Amino acid sequence: MAETQAAKRLREYETIFLVKPDLTDDNVDKLKERVRGIVGREGGKVLRFTVWGKKKTLYPIAKQPRAIYVHASYLGHTKLVAEVERNLRNFDEVTRFLSVKLADEVDPETRPVLEDVKLAGDVEETRPGAAPVERVAAEDIPESADEEATEEA
Amino acid sequence: MIGNDRNAPRGGDRDRDRDRGDRDGGGRGGAGGDDEKRGGRGFGRKKVCRFCAEKNAKVDFKDQSTLKYFVTERGKIIPRRISGNCAKHQREIATAIKRARGLAMLPYNAMVG
């Protein structure tokens, strides 16, 4: 009885991986699903995926100044982490990854599966001039824009 | 900037009992002696490890904004004698900074100027 209980206990891990910045949201989602598939296949449990969005890296990675950060927290055994990392190494889009153990002996029943989160990233911050200029332009010429639209129509 | 659920509730409930407890648990054998020496010289104030003082504060390599305090402008790790961390938390900080560097969240070597 004790043995079966011990076998059910899993470890909690988190893996952060960096993806090339030119990937679309759909492709990132696909990548997420592939990782989720691997964890499920190996008898683990994905708790949450968090896409941090496109962030500026402090030094160029894969000759790019930005990267999309994806954070995954999951339960599993050591072999699962090895398998996930092996796969990440094979994905061309993934440039970096880091796995860290968060806790030992977690009962999978007690940890609910949380909804995936998507954060905006800081692409806007890097180009502060772009957004306000567009907004001002739209406010200044709403009438003329309408007139043009009607003329064209 | 970065989602960090664990650091969300910052404890503002400091009390004297806990301070005393920390000092006992910190294992600083020569605390009294240190104070006397400092009194003799008449410099400085006692630095407190902020991770010991605040129980809810945890070292997390994903928390860029906190790690920034323990890194110079150039990206070097600030020594314990200056940051005031206890040995345990300095070790944790150092590993966290090294992990963050690997993910390009902190620089290995930042250019100044």
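For segment A:102-124, how many residues meet the condition of being more than 13 Å from chain B (Cβ to nearest Cβ) and under 27 Å from B:Glu92 (Cα atoms)?
Qualifying residue count for the region: 5.
Taking helices (runs of 4 or more DSSP H) that do not extend beyond segment B:54-113, which have at least 2 residues that are more than 12 Å from chain A (Cβ to nearest Cβ) and within 27 Å of A:Trp52 (Cα to Cα)?
B:64-67, B:87-102
A:Gly44 fails exactly one of the following numbered conditions: (1) free of Cβ contacts under 8 Å to residues at least 40 places away in the same chain; (2) within 30 Å of B:Ala110 (Cα to Cα); (3) not basic (Lys, Arg). What is the number of that condition?
Every listed condition holds for A:Gly44 apart from (2).
Quickly run through segment A:51-69 and pick out the residues that are within 11 Å of chain B (Cβ to nearest Cβ) and either under 15 Å from A:Val106 (Cα atoms) or surrounded by fewer than 22 Cβ atoms within 10 Å (Cβ to Cβ) (or both).
Correct list: A:Gly53, A:Lys56, A:Thr57, A:Leu58, A:Tyr59, A:Pro60, A:Ile61, A:Ala62, A:Gln64, A:Pro65, A:Arg66.
Hey, any hits in segment A:11-31 for a residue that's away from every other protein chain (no Cβ under 14 Å) and in contact with a Leu (Cβ under 6 Å, 6 or more places away or on another chain)?
no
Restricting the search to segment B:41-53, which residues are crowded, with 17+ Cβ neighbours inside 10 Å and either assigned to a loop (DSSP other than H, G, I, E, B) or aliphatic (A, V, I, L, M) (or both)?
Correct list: B:Cys49 only.
Out of curiosity, is B:Gly40 at pLDDT below 90 and more than 14 Å from chain A (Cβ to nearest Cβ)?
Spelling it out, B:Gly40 is indeed at pLDDT below 90 and more than 14 Å from chain A (Cβ to nearest Cβ).
The values are calculated or read from the model by the stated rules, or taken from the named source; none is laboratory data. Small disclaimer: the values here were computed from a predicted structure and weren't measured. Neighbour counts are summed over all protein chains in view; Cβ atoms, including those assigned to glycine, are modelled from backbone coordinates with ideal geometry.
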